[in-house]
Amino acid sequence: MPGDLQITFRDMEPSVAVEARIREHAAELDRFYDRIVGRRVVVEMPHRHQHQGRLYAVHITLTVPGREIVIGRAPTEHQAHEDVYVAIRDAFEAAKRQLEDHIRRERGETKHHESAGEGWVARLFPERDYGFIDTPDGREIYFHRNSVVDGSFDRLVSGTAVRFVEELGEKGPQASTVRPHGKPRGTAAHT
């Protein structure tokens, strides 16, 4: 039986339509994983003096046996969305990915990595919260903002050297635990 769902609106008026959309997404998560004990969703409109439009951030906390899964802990400007429904969708997609990881760990299916991969940021799509890493062996690996450690996604530029752990995602290889290291390609002194 799914756990309680708590919905909070912060710095904005509550909305029946937004709450209904959140309940739809929460029900999808319940069908995907029926051992969710508790669910908290916070929709907020952080104050941003630089922007004229309204930006929304969605934070989800799922309590599952032995763990709490938190999505959207510290929003940055690029993690907020102008469309509240897009923000909700993206947050619940991130929650589902983290639930998938939790299920794999539960089943002992996590992939053990001998060492971190290395590569360079090939392309970034900051407005969509993802990018691609080029590897020395010529492959291109997808990564999401949530995979970049220490909230350093916004400091990445094309050519940034990174270390990462490669996993098999729904659509192929993806990088997790992405750590920038060194200077971007092309900025080193010539020898």
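The values are calculated or read from the model by the stated rules, or taken from the named source; none is laboratory data. None of these values were measured; they are calculated from a predicted model. Counting neighbours? That spans all protein chains shown, and the Cβs are built from the backbone with ideal geometry, glycine included.
Values computed for the structure shown
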read-out: Hey, E109 in contact with a Gly (Cβ under 7 Å, 6 or more places away or on another chain) and at pLDDT below 90 or not; value: no
read-out: Matching option when the condition is exposed (fewer than 13 other Cβ atoms within 10 Å of the Cβ), assigned to a helix (DSSP H, G or I) and either assigned by TED's automatic domain parsing to the domain that holds R21 or of a type outside the set (G, A, S) (or both), among R105, R89; value: R105
read-out: Residue list for region 122-147, restricted to those being of a type in the set (V, I, T) and in contact with a Lys or Arg (Cβ under 8 Å, 6 or more places away or on another chain); value: none
read-out: Residue list for region 8-23, filter: touching a residue at least 24 places away in the same chain (Cβ under 8 Å) and in a helix (DSSP H, G or I); value: V18, R21, I22
read-out: Close pairs from region 89-110: first of a type in the set (A, V, I, L, M, F, W, C), partner assigned to a helix (DSSP H, G or I), Cβ under 8 Å, at least 6 apart; value: F92/H25; F92/A26; F92/E28; F92/L29; A94/N146; A95/L29; L99/L29; L99/F32
read-out: Condition met for I60 (of a type in the set (A, V, I, L, M, F, W, C), in a strand (DSSP E or B), at pLDDT below 90 and assigned by TED's automatic domain parsing to the domain that holds V86); value: no
read-out: Test: residue in region 70-86 that is of a type in the set (G, A, S), closer than 22 Å to M12 by Cβ and either part of a helix (DSSP H, G or I) or at pLDDT 85 or above (or both); value: no
